[in-house]
Amino acid sequence: MTGAMRAPLPADERRRACRHGLFALVVGNAILCLPHVVLFARAGGGELSSLALAFLHLALLGQMWGAVLALGLVLALLALAGPLWRAVPVAAPAAYTLLHAFLYIDRKVWAILHFHVNRFVLGVVFTSSGVKSLEIPWAEIAQFGGALTLLFALELAVYARGARAGGEEQAGAELRRWARLAAVAAAVLAADRAAYATANRVSRSDVTEAAEAVPYYRAEELRPLVKALRGGDPADGGLAWPARPLRFEPPKQKLNVLVILLESFRADAFDREVTPNMWRFAQEAQWYPRHRSGGNGTWFGAFSLFYGLHGAYAERFLAAHRGPLLFDRARELGYDTRVMAAQTLASPPLRDTVFANVPPSAIDDALPGAGPAERDEELARRARRFLSERDRSRPFLLTLFFDSTHMPYSFPAGADPYRPYPEKLVFRDLDEPQPRAPIWNRYRNAARWVDGRVGEVLDELARQGLGQDTVVLLVADHGEAFWEHGRFGHNSAFDREQTAVPLALRVPGLAPALHPETSRHVDVAPTLMSLLGCESPPRDWSHGRSLLALPPDLPQVACGFRGCAIVEPDGYTTFVPAEGGAAAAQVYAPDYRRIGDRRGRLAHLSPHVSETIAELGAFLR
């Protein structure tokens, strides 16, 4: 009888074929994980000792094989669960295709950002605004989709071949095959965990630190992802903020406030040559050359700037949907509050945190334009129009957020004094170090373009006669790295390149001054609140001090998705992970080289670490 005329298999045989196909998928995908192991071990740069590299390969293999087997066992249970087994021939290949897609994305995230998939990455991958913020060409997204389609077809073929080759194997033999497979995976997992425990016991930090490259190697690393998937913190964020009701007095003068926020703008790109307009403004203002952002990415930097709180609170304020006190106070005083941003404010979730108290009708983001340079041009045009057509009976609080200095560093044709530079930058290719000078030139061209647009806004402010009535803050959300310490972009480390940013503040009536003391983003909100009549001490609601009355050499705190870092005036940095706290702290020298034997330095820094941890709990119930 031909195959076309063959009678349907009995249900039991079809179930058995289903399990055989599933077993073939588990074996095949265990083999497919081998390239992931090699590529993960190479990702992120940095030199590893031979022992650390061997351990890393073993740990990656154990983690990935464990994931493949666990997924297979879940699907095997599905194959035994009544009619659900009928979904397995399609569900199993689809599940393994998604697993490989996840491993690919996580490897790219780790190589560039040095953390694993979290809420931020999920927001980028699963929202159109997030994908748009990466400026990834649709052709590349289509290419990725095509690769997944081919992989899915391969998975289907492997499953089908395994299902056909199953034969009449007895149940006991089938069970023994699964047991042998589980024993191999368990042996690899046990070996790598034993190696980690031994390295930890004998203080081989090179080995234990290599485990950071393994996706979710430590159980606590899964908590942020699980929390993001299930909805995050309690609805009120568990906040007790402010600590006590604030006291206000009517301000002597309702000064206008203009906040100019620059995207990914590092401090050493701010100079007389590259940014002549902003440099001139800084010389006429309070200038803070030792300033650091409160974060190594947009969300944490902007959060610390407007709330006056360390970025570790960002998730809680997102859950509570509570905005900064600054905008509440401006509303009470009758300010015309406006927010204009070239980019979207949905990802990261600035609309739901930093600007949660601003009416949606007063927010103008994701402006039209072919790219960031054109959108920044439109932003400057709209800002100038607002300044010229505003309601002159009301003071204003205007926030402008420029975007051209975000990767891929945008500027129009002809606005390129710094050459040579790459014609385009592709995000997926930046996991490997590239020649720095051409990319630095492209970045400086973008910085100069932004400087011109900021200059237009400042000129319009002067043209309208608002210079003596307007507080102007010029600052960046965070910096940008170009492989100085093996890292590119931002969100990946707390080195100077990613956290040192320009800050200049012009307050009517104050003579220009250069401030040699350290300053922080958390000091900005107390400064602006005091100008709006807040009489309460900052400690009642903030982690900062007024920029106009800073004590010398405060430690600077910057937060990110992995935790917070305390930067000492002498340049040493202590990183306190979000999961693990001070017990898992890491110390970096001024050149951002991790110190292996850190106990002595940690003991020296313990007062600052303790103070920071206390601050992180100061406004929680």
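The values are calculated or read from the model by the stated rules, or taken from the named source; none is laboratory data. None of these values were measured; they are calculated from a predicted model. We place every Cβ from the backbone using ideal geometry, glycine too, and count neighbours over all the protein chains shown. Areas reflect the complete protein model, heavy atoms only, side chains present, ligands, DNA and RNA absent. Shrake-Rupley method; radii C 1.70, N 1.55, O 1.52, S 1.80 Å.
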Open item on the list: Of all beta bridges DSSP finds with both residues in the chain, what is the antiparallel percent, to the nearest 5?
Closed with: 50
- [ ] Heavy atoms only, probe 1.4 Å: what % of the accessible area of the chain goes to carbon and sulfur, would you let me know?
- [x] 59
Task: Integer Hz, Karplus 6.51/-1.76/1.60 couplings in order for the range 475-484, x for Gly and Pro - done: 7, 10, 6, 5, x, 7, 9, 10, 6, 4
- [ ] Specify which labelled value, from (1) 24.6; (2) 26.6; (3) 27.4, agrees with Kirkwood radius over Cα pairs in Å derived from the coordinates of the model shown.
- [x] (2)
Open item on the list: Could you sort the peptides 331-338, 277-284, 253-260 by per-residue average Cβ neighbour count (10 Å cutoff), highest mean leading?
Closed with: 253-260, 277-284, 331-338
Open item on the list: Can you tell me the orientation of helix 171-201 relative to the chain, as the angle in degrees between its alpha-carbon axis and the longest Cα principal axis, to the nearest 10?
Closed with: 40
- [ ] Would you grab the residues whose amide H sits under 5 Å from the one on F396? Only those 5+ places off in sequence or on another chain, please, with H modelled 1.01 Å from N.
- [x] N256, V257, D336
Task: Estimated inter-spin distance, S49 and E374, nm [label 7 Å along Cα→Cβ] - done: 5.5
Task: Cα-based Lys pair tally, the chain, threshold under 27 Å, eight or more apart or on separate chains - done: 5
TODO: Roll a 1.4 Å probe over the protein chains and send me the accessible area per residue for the chain in Å².
DONE: 43
Open item on the list: Rounded, prolate or oblate, given the Cα gyration tensor of the range 517-563, with a/c below 1.5 counting as rounded?
Closed with: oblate
Task: Relative contact order (percent, whole number), the chain, Cα cutoff 8 Å, 6+ residue spacing - done: 19
- [ ] Name every cysteine in the chain that ends up alone, with no second cysteine's Cβ under 4.7 Å, or say none.
- [x] C18, C33, C534
- [ ] Could you pull out every residue, at least 5 positions away or on a different chain, whose amide H is within less than 5 Å of the one on A481? Hs are placed 1.01 Å off N in the peptide plane, and Pro or chain starts have none.
- [x] G489, H490
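According to the square roots a ≥ b ≥ c of the eigenvalues of the Cα gyration tensor, what is the shape class of the range 295-395, taking rounded for a/c under 1.5, prolate for a/b larger than b/c otherwise, and oblate for the remainder?
Oblate, since a/c reaches 1.5 and b/c is not below a/b.
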Task: Amide H partners (placed H, <5 Å) of F248, local residues excluded - done: E535
Open item on the list: Compute the helix-to-body angle for 599-616: its Cα long axis versus the longest principal axis of the chain, expressed 0 to 90° and rounded to tens.
Closed with: 70
Task: Residue-wise HN-Hα coupling along the range 516-522, computed from phi with Karplus coefficients 6.51, -1.76, 1.60 (Hz; x: Gly, Pro) - done: x, 6, 5, 9, 9, 4, 5
Open item on the list: What do you get for the angle between helix 372-389 and the principal long axis of the chain? Use alpha-carbon atoms, 0 to 90 degrees, nearest ten.
Closed with: 30
Task: Hz values of 3J(HN,Hα) by residue in the range 32-41 - Karplus curve (6.51, -1.76, 1.60), Gly and Pro given as x - done: 5, 6, 4, x, 4, 4, 5, 5, 4, 5
Open item on the list: Could you tell me the center-to-center distance, by alpha carbons, between the range 170-212 and the range 326-354 in angstrom?
Closed with: 50
